[in-house]
Structure formats: C-alpha cells, structure tokens
Amino acid sequence: MKNPVATPSRKQALEIFEAALKAANPGEAIDRHVRIEGGKLIAGGVEYPLDRYRRIFVVGAGKATAAMAVEIERLLGERVSGGLINVKYGHTAELERIEINECAHPVPDAAGVAGAKKIAAIAAEARKDDLLLCLISGGASALLTLPDTGITLEAMQKLTQRLLQAGATIQQMNAVRKHLSAIKGGRLAATAYPATVLTLILSDVIGDDPSTIGSGPTAPDPTSVIEAQGILDHFKIKTKLPLRETPKPGDALFRRVRNVVVGSNRLAIDAAAAKARELGLTPLVLSSYIEGETREIASMHAAIAREIVATGQPARAPVCVISGGETTVTVRGTGKGGRNQEFVLAAVLALNGLPHLTVLSGGTDGTDGPTDAAGAIGDGLTLTRARTQGLNAAEFLENNDSYHFFERLHDLIKTGPTNTNVMDLRLMIVR
C-alpha cells in the first residue's frame, strides 16, 4: 500500500485499513465455513457426501473468486473435474484445475461474455449425479455478463454506464440486469438442473442477500419485470431491450441448490475495530449497512466528528469512527474519481479544517470507481495544503474530480488488486 503524507494519525488509519483488508481474505473466509470431514464436504452446516458425485465442477465470477478458488482446490484437489471463473483484469491467482478468464469491470466486455458462455456450458453439462460448486464475490454482476436472446453486449454496456452515472444502487442495477441476462437471477441454477448446486458467496452488498450479490445467478429472484421497468422509468432511461421474467422463490429447481454467505463487510469492520483498540483508540462502529448519496453520508460523518470534539458524545476522544456499506455518486461533472475519494473530499470540506482529525475511505477490492486508487485520506490540514497549491476543493467536488485533487496532494491510497471485495470501509480518527 502506497503511503501518502505521514502523520501519526494517518499512519494509524492506514494500519487499521490494512488490518481490515487482511481479515477479509477470501481463502480464510472459505476455510471458516467449508471443510472436508469423513469423506464429506461440509458447507454452511450441510453435508455433501463426496462419493455421491461423479464429477465436481467449479464455476463463478467476481474480484475475489481467484483467491476463493485457490482454497477450493486445496480442499478438493483432484476431485475437481474442471471449471472456469471470470475475474477482473489483474485479480488472478495460480490454479491447477480451474481456468481463469480475465475480463472487464464495472462495464462488461467481450471477454466477460465469452467466459460467461463457457460457464453456462459447464452448468448445462452437469448431470443429476454431479456437483456444481459456484463461487461468487463482488463484481460478479458485471463479470458474469451473458445477454439474453436479442440483446447485444454494446446495449448492455450502454445501459450499465447510464445506471452507474445516474447513481443507481447495486440493488437497483442488479434488478434490471437480472431481467436482461441468460445467466443471472437464478438462471445459472436452472441451466444446471437437476445437478446439485452449492454456491459460496463473499458478499459485497448491504444485507448479504444472495439474490442481489452478483445478481444472484443461483438464487431465486424476488424482483419482477415490472420492478425492473420501474427502475428504468425512475432514472428516465428509455430502452427497447426485452425484459424477461426470472425463476422465483418456491420454484422446484431450487430444492437442489444452496447459497452460503462465507464473508461480508462485517469481517472488515470487526478487524478495524480490534486494530483501533490495539492502537489505543476507542472504536465507534456506526453500521455496516450505510448507503445513500456519498456527499450526504460524508456530511453525516462530519457531524458526528464535530459532536465528539464539542461534547465527547457519543464517545470521548481519541476515537476511531468506523462505518461500512456502499454509497453512490450521482455524476454531474466531467472529472475522475470514485465514491471513496469523493467521500473524503466532501468530508474534509464539511469539517472545514477541524484540527486533529483524519478521514480515510477505501474500497476493500483496491479499486474505487474507474480509477487505480482504492480511496483517499485527508485531515484538518488538507484544505490548507490544497490552497497553497492553488487547488479549490469545492470546485473539484462539484466536477466529481476527487482523483485529481488527491493525486496533486499525494493522498490517494493505492493497494493494487486485493483479491477480496466486501464493500467499503470508512474511518475517522478524532483526537
């Protein structure tokens, strides 16, 4: 992790963030929930006698699935008959029996579609006496793109871009994508039927709903075509793309399917709190369910910091305020950035030079929006340092150009691909 301008509080914030990333390791998450015992694969409390299955295929998609697949190969070894996973470019690992296909995120590309076709073919090949082991993590919605009949990749790319720019939540985006896909919204499970399907999930969505994570390729879909159309109407997106209904809860095909969440944002938050305590800070965990417009969430965090300074409530300094979840940015400018960088920029503006305070926000996947940064870090001197370089922070925020603002100050956080993805982590150290 590249270290921006160093102060004691900044060093602590970076240490806490690193501890959170380590705790969200996908391999360790699988190891906590999956084991081999007495010739049985045990996952989520359910036993799968391995001698019952003629073949075991492994498929999946997501930024963390390469690391998940490494652990699966360690557990199952030669029992794995083959498989393929779609990962974001650069998010790879050394595998022996499972093929890795690199593709684009957040806007899908042809490589992703080609990989998704192979995954669908593997699922279709599975028979009643086979086990299809599916690995899903954050990013799977874009990485597992297989447009339904009559829909082009270009049309899906344009729609994804418009939803992103409009500030649609991940739940809204996935509700639409499920009804345009040949593989999402439970359709991968339908393709594999009557094979047994076990899906291991590293969650990147608030509430850890398997039907939303990765657009739920093996989960029953509670959303409808009417809801998907309503979302498009809400954002004033007109399209002639054909929406198609998905398999629903209660469908008999899901009797042979189990979805197990092996990790989530809570892993990162708990580790951050423990590290903060170790560093002599009082951890104040707000929530792992925070969502909404990034600038509004930043204002709320700034208000909490001001209250701590003014009254010692809800905790006395030194405090490390911690929150998780995933916010959204409605893009109005022409700049470059991501929700985490924009959060820090909006927060330092709202705090207006409040001394003895450090703010960090980062994506646990190592990528914040369409940038090479995981996030950014700022403090009570950020605006002063910016002014000495002739930078107007408010103008950068208005243009959604947080990346170039923090780049000039050397305050971007760059981790490179972390091979995990459990949403975002926000930290405020108040002294």
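The values are calculated or read from the model by the stated rules, or taken from the named source; none is laboratory data. Being a predicted model, the structure only gives us computed values, none of them experimental. Please note: Cβ atoms are built from the backbone with ideal geometry, for glycine as well, and neighbour counts cover all protein chains shown. Keep in mind that these areas ignore ligands, DNA and RNA; they rest on the heavy atoms of the full protein, side chains included. Shrake-Rupley method; radii C 1.70, N 1.55, O 1.52, S 1.80 Å.
Quick notes on this one:
- In this structure, V261 does satisfy being in contact (Cβ under 8 Å) with a residue 60 or more places away in the chain, of a type in the set (A, V, I, L, M, F, W, C), closer than 19 Å to Q171 by Cβ and buried (at least 17 other Cβ atoms within 10 Å of the Cβ).
- The residue of the range 198-225 that is surrounded by the most Cβ atoms within 10 Å (Cβ to Cβ), among those that are of a type in the set (G, A, S) and in a helix (DSSP H, G or I), is G214.
- The residue of the range 126-169 that is surrounded by the fewest Cβ atoms within 10 Å (Cβ to Cβ), among those that are hydroxyl-bearing (S, T, Y) and more than 29 Å from G82 (Cβ to Cβ), is T152.
- Criterion (under 18 Å from I136 (Cα atoms), out of contact with any Phe, Trp or Tyr (no Cβ under 7 Å at 6 or more places or on another chain) and open to solvent by 20 Å² or more (accessible area, probe 1.4 Å)) met by exactly one of T92, T65: T92
- Residue within the range 146-154 that is touching a Cys at 6+ places or on another chain (Cβ under 8 Å) and in contact (Cβ under 8 Å) with a residue 60 or more places away in the chain present: no
- Residues of the range 268-294 satisfying the condition of being touching a Cys at 6+ places or on another chain (Cβ under 9 Å) and surrounded by 20 or more Cβ atoms within 10 Å (Cβ to Cβ): A272, A273, K275, A276, L281, P283
- For the range 226-243, filtered to residues that are farther than 30 Å from D424 by Cα and out of contact with any helix residue (DSSP H, G or I) (no Cβ under 7 Å at 6 or more places or on another chain), the residue that is most open to solvent (accessible area, probe 1.4 Å) is K240.
- Residue check for T160: in a helix (DSSP H, G or I), β-branched (V, I, T) and either within 21 Å of G115 (Cα to Cα) or touching a residue at least 60 places away in the same chain (Cβ under 8 Å) (or both): yes
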